[in-house]
Structures are given as structure tokens and as C-alpha cells.
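Visitor: To start, I am sharing the structure in question, which I have written as C-alpha cells.
The values are calculated or read from the model by the stated rules, or taken from the named source; none is laboratory data. Treat the numbers as computed from the prediction; the structure is a model and nothing was measured. Glycine also receives a Cβ, built like all others from the backbone with ideal geometry; neighbour counts cover every protein chain displayed. Ligands, DNA and RNA are stripped out before the accessible areas are found, and what is left, the full protein with its side chains, is counted by its heavy atoms. Shrake-Rupley method; radii C 1.70, N 1.55, O 1.52, S 1.80 Å.
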Amino acid sequence: PDGTLVTRSSTGGVWAGHQRLAALFDWPPSKVRILSSYVGGSFGSKGTNSQIEPIIVLLAIKTGRPVRLALTREEHFVDGRHRSGFVIYIKDGANRDGRLLAREMKVFLDIGRHTDSAAVVIRNSAFGTVGTYNISNFRLDNYGVYTNNPLTSPYRGLGTPEMTWAMEQQMDILARKVNVRLEDDRIL
């Protein structure tokens, strides 16, 4: 009644959603309120608001009535956000005793049909590649690739778990090739 937009969503991105809706509809931020219930364990899936929310707002403006939307599982899959898929290539150079001398990594992230957060995942996934091992010659090429898959979003770890898993798998492969022994004298 007073011209204030009030939305209720299951979101962890209240501030971002508030800013986006105010800018999209050219309203003063004081006229936009987003209420969020307790989100619980979203682990990133509720970090930002749905792409459908502006359509719901338009329907409320046109009808002058409250609008409620409940998505089916299929609709949530299409509109919801998902973790990026990774394809990671690692090439290492080591001397005979297993000392790592060089590493080259090429990483491709499936960022879906469009995104507003791919740059964050691409940047943060690089953090785990440096500092873990002392490698004097290191190269990383990190690419976000648009695909026909659903929208992606940053999830817990922002790409670091995938990179760490790939590097540790590579270290196991390298250790086997150079017969590095574990502390209890077993060969990997």
C-alpha cells in the first residue's frame, strides 16, 4: 500500500537481491525489503536470488496483489543454481627422486547458460593451486565456458575442493611413477 516492495524468499543473498531489485526497477533502496526465513544448509544454492524473482515482482505490480510461486523439482533444476563442472588437466615435471620441478594446469569450468558469478569461482579456484607445493615453474590457465547447461553459482569452497582433489590425485600418480615411499616404508 505505501509503495514498498516486500519479498519473502528462501535466500542467503538478501543484500545482493535487495540491490538487484532496486536497480532493476529503478526504485530507491528504502522502498525494497527482502525477508528471508532461516536458510539452513544451503551450502551455496541459496546464495543469490532466483532469476524468476523479477517476474514475480512484475506480476505483483500488474495485479496489485501478492504473488506466490512454488517451483516443482524440474523447474527448480532449470531456474536454480548448480555447482560448476570442472575439467582439469595437469602436466608435471619431476626429477628421478620425485622432486616436483614444474607444473602446467589447464582448467575449464562449465558455467552454464549465463552467470553473474563465474569470475569469482574462476578466481577462487586458482587460490588452492599455489602455495600447497613448492614448484619453481608453474603455469595455470583457467577458463569459464558457457554451455547449454543450467545456471551455475559459487558453492562451498568456490572451486577450491575440485582443484585440490585433482592436484592430490596427480601427486599420487606421480609418487607411484617415481616409487616414492610413504612414512611406513610402503611404496604408493
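Visitor: Inside region 1-81, counting only helices (runs of 4 or more DSSP H) that do not spill past its ends, which hold 2 or more residues that are under 24 Å from THR152 (Cα atoms), open to solvent by 60 Å² or more (accessible area, probe 1.4 Å) and at pLDDT below 85? I'd like the intermediate steps shown before the answer.
Guide: Working: elements: 14-24, 53-63, 73-79.
Helices (runs of 4 or more DSSP H) meeting the threshold: 73-79.
Visitor: Residues of region 148-163 being among the aliphatic types (A, V, I, L, M) and open to solvent by 40 Å² or more (accessible area, probe 1.4 Å), which ones?
Guide: Residues of region 148-163 that are among the aliphatic types (A, V, I, L, M), as a first pass: 151, 158, 163.
Listed by number, the list holds a single entry, LEU158.
Visitor: Something else: Does ASP116 qualify as being of a type in the set (Asp, Glu) and either open to solvent by 90 Å² or more (accessible area, probe 1.4 Å) or at pLDDT 90 or above (or both)?
Guide: Values: of a type in the set (Asp, Glu): yes; either open to solvent by 90 Å² or more (accessible area, probe 1.4 Å) or at pLDDT 90 or above (or both): yes.
Considered against the rule, which asks whether it is of a type in the set (Asp, Glu) and either open to solvent by 90 Å² or more (accessible area, probe 1.4 Å) or at pLDDT 90 or above (or both), ASP116 comes out as yes.
Visitor: For region 117-164, what are the residues that are closer than 20 Å to GLY93 by Cα, small (Gly, Ala, Ser) and touching a residue at least 24 places away in the same chain (Cβ under 8 Å)?
Guide: ALA126, GLY128, SER136
Visitor: Can you tell which of GLY98, GLY93 is open to solvent by less than 60 Å² (accessible area, probe 1.4 Å), closer than 30 Å to LEU174 by Cβ and part of a loop (DSSP other than H, G, I, E, B)? Working first, answer last.
Guide: Values: GLY93 fails: part of a loop (DSSP other than H, G, I, E, B).
On inspection, the qualifying residue turns out to be GLY98.
Visitor: For the structure I just gave you, tell me whether VAL145 is in contact with a Gly (Cβ under 9 Å, 6 or more places away or on another chain) and either in a strand (DSSP E or B) or buried (at least 18 other Cβ atoms within 10 Å of the Cβ) (or both). Walk me through how you get there before you give the answer.
Guide: Working: in contact with a Gly (Cβ under 9 Å, 6 or more places away or on another chain): no; either in a strand (DSSP E or B) or buried (at least 18 other Cβ atoms within 10 Å of the Cβ) (or both): yes.
It is false that VAL145 is in contact with a Gly (Cβ under 9 Å, 6 or more places away or on another chain) and either in a strand (DSSP E or B) or buried (at least 18 other Cβ atoms within 10 Å of the Cβ) (or both).
Visitor: Right, here's the next one. (1) crowded, with 18+ Cβ neighbours inside 10 Å; (2) among the aliphatic types (A, V, I, L, M); (3) over 19 Å from GLN51 (Cβ atoms): which one isn't true of VAL130, the others all being true?
Guide: It fails just one condition, (1).
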